Amino acid sequence: MKGTCSVKTIRPRKRKSKQRTRRVRIGAPDPTVTGLAGLVAVDELTARLGLVAELDSGIGPIKERARGLTGGQLLVGMAAAQLAGQDHLVGMDRVRADPVSTLLGEVPLAPSRTAGRLAGRFDPDRLAGIEAGLARVYERWLALAPAPVRGPLVVRHPTIDLDASDIEVHGRTKQGVGWNYAGVRCARVHLASWAHAQLPLAMDLIPGNDDVRPHAVDLLTRALAVLPEAVCGRPRVRADAGYFDAALANGADSLGCDFAIAAKRNSAAWRAYTGIPEADWRDARNMTGAQVSACDYAPAGWPEGTYTLVRRVRIEVTDLSDDPRSRRRRTVHKDQLALACDGDVDHVWSVSFIVTNIPADDKDLAGIEAWFRDRTAIEERFREAKHGAGLNHLPSADRSVNAVWAWAGLLAGAMAVMLQTLTGLDTHADSPGRMRIATLRHLLLKIPARITSHAREHLLRLQPGQHLLAAVLARLRALPAPT
């Protein structure tokens, strides 16, 4: 059209980047690089505690000829592999293939088939010898522990927790397993744990359909034998309602222990609860809406001086489930539950009973109840063994092999605890408080390094910024060697 002009749009050209992406090329494997440099700290801990020698003295010989691996070396090697993150026997082969295994003098790792064959030789006497060896190890650990750790453990009443945890298994050839109440084929780890020290004392591996009560007194007797002699307080036994039995109460009393056992909610306990005056209830510690009191209810045949500590927790009716199978509904008195269902009350009380012989007045009741509520400490031992070590399953069809594997998982947790207390890692700035095995593995054990040699010494060359392993080794080597 006349009087118009066209305008050509010129787009700027995109400039090509002069920087070229460099390709990543895989070179030849370096046989001097390790990903498990922190295992040298486990080896040093084993040497300072005399762990292998003490376990060997308790276990005794497992072979006719004095050659090859001993029982203590086998058990500690299994525990070290589990600390490194292995959860099956074949994991020991993976750790053996790492260059750091050549630096481990105290913790030699057996091949997986050899480990299974040797573990199958552990009869009940050799399994009991593990506890005898741990008793001497704990004595030495407590003597080396810093005063802030050792003092409370020596002076206070040692608490022994009893509990069991099921490990699901598969396969019809597994020995020593059974179907539990939930219809799961499993073996049951029956454990006595030193609560304040976070250490296992005694353990049995029983079928999943076995009742723990017949084994409880024997387990407690063995656990008391493992406690260090320096612990001078009167022991206290803590257990849930699965241990509600006069035999355990009388056994604990005859062994010089106080006890606190969660009681069944039977008709006699409910009658005692309804007879408690309202003025006798006191607020519980660190539990909102909870109150505690005591009554004279004592089951027949229990030791003299037994009474019942009662805790009740206020629950709004709106928070109460309509499902008659609800666990919380079973903790409410039937008369209150009927009123709640009819809409006549706005709240109910969830009630728990604890049968104990621990002397107390009105001021001590809240403290005893709060102490009993900390019984979940043993659940942490099971959690560490299952999720931190290799106790999430049992690797063999042989019952003895599985028992040794279970002890190795518990020993791995004990070694993690003792390592942290002796080196101050439980007060480390990166992770204040006692670290779990997974955190310890990330910060200390599974770290890369290059192994070199100079002047007949091995050198670990860590990556920049890795100073924790050097500090831990220095603290361990400053401890006196066992005589």
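Some points to look at:
- Top-ranked residue in the range 158-173 [being surrounded by fewer than 16 Cβ atoms within 10 Å (Cβ to Cβ) and at negative phi; ranked as nearest to the chain's Cα centre (by Cα)]: 168
- Within the range 105-129, being in contact (Cβ under 8 Å) with a residue 40 or more places away in the chain and assigned to a helix (DSSP H, G or I) holds for 114, 115, 116, 118, 119, 125, 126, 127, 128, 129.
- Here residue 452 passes the criteria (1) more than 24 Å from residue 47 (Cβ to Cβ); (2) at pLDDT below 95 except the one numbered (1).
- Residue 338 being out of contact with any helix residue (DSSP H, G or I) (no Cβ under 9 Å at 6 or more places or on another chain), buried (at least 16 other Cβ atoms within 10 Å of the Cβ) and modelled with pLDDT under 90: no
- Test: residue in the range 457-472 that is crowded, with 22+ Cβ neighbours inside 10 Å, in contact (Cβ under 8 Å) with a residue 60 or more places away in the chain, over 30 Å from residue 113 (Cα atoms) and touching a helix residue (DSSP H, G or I) at 6+ places or on another chain (Cβ under 7 Å): yes
- Elements of type strands (runs of 3 or more DSSP E) contained in the range 130-219, each with 1 or more residues being of a type in the set (Gly, Ala, Ser), in contact with a Pro (Cβ under 7 Å, 6 or more places away or on another chain) and in contact (Cβ under 8 Å) with a residue 60 or more places away in the chain: 185-194
- Against the numbered list (1) in contact (Cβ under 8 Å) with a residue 60 or more places away in the chain; (2) out of contact with any Leu (no Cβ under 7 Å at 6 or more places or on another chain); (3) of a type in the set (A, V, I, L, M), residue 52 comes up short only at (1).
- The residues of the range 62-104 that are of a type in the set (Val, Ile, Thr), assigned to a helix (DSSP H, G or I) and under 20 Å from residue 129 (Cα atoms) amount to a single one, 76.
- Every residue from the range 341-372 that is surrounded by fewer than 17 Cβ atoms within 10 Å (Cβ to Cβ) and under 31 Å from the mean Cα position of the chain (by Cα): 359, 360, 364, 367, 370
- Every residue from the range 220-230 that is within 21 Å of the chain's Cα centre (by Cα) and not in a helix (DSSP H, G or I): 227, 228
- Residues that are among the polar types (S, T, N, Q), buried (at least 17 other Cβ atoms within 10 Å of the Cβ), over 16 Å from residue 249 (Cβ atoms) and in contact (Cβ under 8 Å) with a residue 24 or more places away in the chain, drawn from the range 263-314: 293
The values are calculated or read from the model by the stated rules, or taken from the named source; none is laboratory data. What you are looking at is a predicted structure, and each value in this text was computed from that prediction instead of being measured. Neighbour counts are summed over all protein chains in view; Cβ atoms, including those assigned to glycine, are modelled from backbone coordinates with ideal geometry.
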